Amino acid sequence: MGALRRMELAKGAIRSLLVDAYQKRNRVGMIVFRKDSADLILPFTSSVELAEKSLRDVPTGGRTPLSKAFLKAYETFEKELRKNPNIIPIMVFISDFKPNVAIKNDFIKEIYEICEKIHEKGINTIFIDTEPKTFIKLGIGEELAKKFGFKYYKIDEIKLDDLLKEI
């Protein structure tokens, strides 16, 4: 039940971001990561309807290829920045930040290396952490955010107005 609630909160946050993006005439893209892959399911677009449709069909649960997601996001933004160097990029990750799938063999090392590239590229990055409050908490999302200066929010404590001010 807790996982379903967190997913509904996450989708609600995404919907708010989409509405805000539409009102500001921004473009959004969406990468989904689960099982063993990270896939660009929505290339950058200004169509909120298309984004909303993509969001409805997003499956959840299973393994977390976080390093693959970070790499795919970095590559997607890098390509977009080459085409449109005047954009102000904002990358938003919504995850429990509990990686368990590597690109090669050390997913923690891979994540830090890719976050370093994101940071060096100057991409504004926001983490929305869906990790439940449990006895065993990894806290990887919060640790990464602190190390690289990314904005950090916990999904059940997020104030959407505060988040939208960041964008």
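Would you mind checking LYS53/LYS151; LYS98/LYS151; LYS68/LYS117 for any pair whose Cα atoms are more than 22 angstrom apart? Long pairs (Cα-Cα over 22 Å): LYS53/LYS151. The GLN23 and GLU80 beta-carbon pair, evaluated with R₀ = 30 Å, returns a calculated FRET efficiency of approximately 0.90.
Would segment 23-128 count as rounded, prolate or oblate if I go by the C-alpha gyration tensor, calling it rounded below 1.5 in a/c and otherwise prolate when a/b exceeds b/c, oblate otherwise? Don't skip to the answer; put the middle values down first.
Working: a/c = 2.16, a/b = 1.23, b/c = 1.76.
In terms of gyration-tensor shape, oblate.
Considering amide H positions built from the backbone, and no H for Pro or chain starts, which residues 5 or more places from ARG63, or on another chain, come under 5 Å of its amide H? Those lying under 5 Å, H to H, from ARG63 are LYS35. Along segment 52-58 the Karplus relation, 6.51 cos²θ - 1.76 cosθ + 1.60 evaluated at θ = phi - 60°, assigns HN-Hα couplings of 4, 4, 4, 5, 4, 8, 6 Hz to successive residues, with x for each Gly and Pro.
Computed over protein heavy atoms with a 1.4 angstrom probe, the accessible surface ordering of ASP57, ASP96, ASP129, largest first, is ASP57, ASP96, ASP129. Counting only protein heavy atoms and using a 1.4 Å probe, the accessible area of THR125 comes to about 10 Å². Is segment 85-133 best put as rounded, prolate or oblate by its Cα gyration tensor, with a ≥ b ≥ c the root eigenvalues, rounded for a/c under 1.5, and otherwise prolate when a/b is larger than b/c, oblate when not? It is oblate, given that a/c is not under 1.5 and a/b is not larger than b/c.
The values are calculated or read from the model by the stated rules, or taken from the named source; none is laboratory data. Since this is a predicted model, take the numbers as computed values, not measurements. Positions of Cβ are backbone-derived with ideal geometry, glycine not excepted, and every protein chain shown enters the neighbour counts. Protein only, heavy atoms only, side chains kept; ligands, DNA and RNA dropped before computing areas. Shrake-Rupley method; radii C 1.70, N 1.55, O 1.52, S 1.80 Å.
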